[in-house]
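Here, each number is a calculation from the coordinates, and none is a lab measurement. Bear in mind that the values here come from a model prediction, so they are computed numbers and not experimental data. Heads up, the Cβs are rebuilt from the backbone with ideal geometry, glycines too, and the neighbour counts pull from every protein chain shown.
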Amino acid sequence: MNETKLEIKKFGDPLLRKKTKRIEQVTQEERDILSKMAQKMYEVGGVGLAANQVGIDKCMAVVDTGEGLYKLINPRIVKKEGIQVSEEGCLSAPDVYIKVKRAKKVEVVALDEWGKPITVKAEGLMAFALQQEIDHLNGKMIIDYASLWERLKIKKALAKIQKGTKQ
């Protein structure tokens with residue numbers, strides 16, 4: 001893993017639509033992957049990154065909205081409260097922004113990078129980021145929150161970008 005440079009997978013990559021594999025035992029390999037994921041997230045200016053976004057089929061994510069870095073293994077939402085709507089972007093769908101309705105507050109349980117259980121209670125941007133990364137780990141993207149018409153326009157625009165042409 002040390003020589004491998006992580007690359008962000010773009011919309012259309014089949015791994016982005018696949019539910020990731022749960023991790024049964026946390027090893028040094030997972031810690032190394034999480035560190036590389038955090039480095040990549042900071043490098044590209046994101047606030048969250050799921051393992052499948054960098055081509056790794058493991059249920060792991062990193063999130064940092066300015067409140068500190070969270071390295072999460074097998075995260076799942078156990079409590080949701082309220083509703084908030086905000087425009088979201090995604091590193092795997094460049095230049096796409098969609099209004100998404102999500103819970104205002106969430107409680108997430110996961111394992112940390114050492115395999116110890118943790119609970120993260122979040123609201124606002126951190127709640128959005130956690131929900132989006134957990135969506136990714138379950139094969140769901142922000143595009144899925146758009147109307148059918150919006151999805152068709154977005155898919156067409158992303159296809160042009162992937163072919164190397166501008167809109």
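Observations on the structure shown:
- Residues of type lysines that residue 116 reaches as a straight line, Cα spacing below 27 Å, ignoring anything fewer than 8 places off in the same chain: 18, 19, 21, 36, 40, 58, 71, 79, 80, 104, 105, 140
- With K and R counted +1 and D and E -1, the other residues having a Cβ less than 13 Å from that of residue 81 yield a net charge of +4.
- Two-site label geometry, residue 144 and residue 5: point separation in nm, points 7 Å out along Cα→Cβ: 3.1
- Packing-based exposure ordering (other Cβ within 10 Å, fewest first) of 60, 37: 37, 60
- Computed E for residue 104/residue 24 - FRET, C-beta separation, R0 25 angstrom, nearest 0.05: 0.15
- Charge context of residue 7, other residues only, Cβ under 13 angstrom, K/R +1, D/E -1: +3
- Net charge over other residues, Cβ less than 12 angstrom from the Cβ of residue 142 (K, R count +1; D, E count -1): -1
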